[in-house]
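As structure tokens, the structure follows; a few thoughts come after it.
The values are calculated or read from the model by the stated rules, or taken from the named source; none is laboratory data. Note that this is a predicted model, so its numbers are computed, not measured. Ideal geometry is used to build each Cβ from the backbone, glycine not excepted, and the neighbour counts take in all protein chains shown. Side chains are part of the model used for accessible areas, which takes the heavy atoms of the whole protein and leaves out ligands, DNA and RNA. Shrake-Rupley method; radii C 1.70, N 1.55, O 1.52, S 1.80 Å.
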Amino acid sequence: PESIQLDTLKTTLTLRDAGDNDILTLERDGKERRVLAREIQRHVYKRDLLHVDFLEINADSNVTGVATLNLVGRSVPEQQGLGSTLLVINSIEISGRPDDLVSELEVNAEIIDKPSRNLLVSDLVVPEGVTVLTTSDLTVARFAPNRKAAVESEEEGLGGELDSSAAEE
């Protein structure tokens, strides 16, 4: 561990533009070091940068990181106007060589072809060289029916039961 001081404004702007798993170059004493920013601490109210841990990386070793999930596309039931698709978790833990890691992954909502189908971590498409560490059977996205559609389907179910009981009497 080494303690260093950096220009707060430049560091804040660099970290704002960089993703969670983007490799940064830190120059110190004429030597460039490839690092990942970890444990970023900010002031509670002002959001000013207080402290950053930089992890120096070796290109040949695996590191872990977090990839943010972005929902893209529309599920089949959503396209039919039955409701909307919801992202259940916002990120997953991944591992890989520093150059292979990504900060974001797309979640293709079109995989949800019927209202009862959930999109799982195992359904995600990850780049080559990246391993997902999050449990594979965890739900990433699901379909949520409109309240009106849910009430109508309940009424249809009740209507069918009432009609059959009336026929018995």
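Scanning segment 19-53 for residues that are open to solvent by less than 60 Å² (accessible area, probe 1.4 Å) and touching a residue at least 24 places away in the same chain (Cβ under 8 Å) returns Gly19, Asn21, Ile23, Leu24, Leu26, Leu36, Leu49, Val52.
Residues that are open to solvent by 40 Å² or more (accessible area, probe 1.4 Å), touching a residue at least 40 places away in the same chain (Cβ under 8 Å) and out of contact with any helix residue (DSSP H, G or I) (no Cβ under 8 Å at 6 or more places or on another chain) within segment 63-80 comprise Thr64, Val66, Thr68, listed in sequence order. Considering the conditions (1) free of Cβ contacts under 8 Å to residues at least 40 places away in the same chain; (2) within 18 Å of Leu71 (Cβ to Cβ); (3) small (Gly, Ala, Ser), Gly129 is excluded by exactly one of them, (2). Restricting Leu158, Leu162, Leu138, Leu101 to residues that are of a type outside the set (Gly, Ala, Ser), farther than 14 Å from Val88 by Cα and either surrounded by 12 or more Cβ atoms within 10 Å (Cβ to Cβ) or at pLDDT 55 or above (or both) narrows the list to Leu101.
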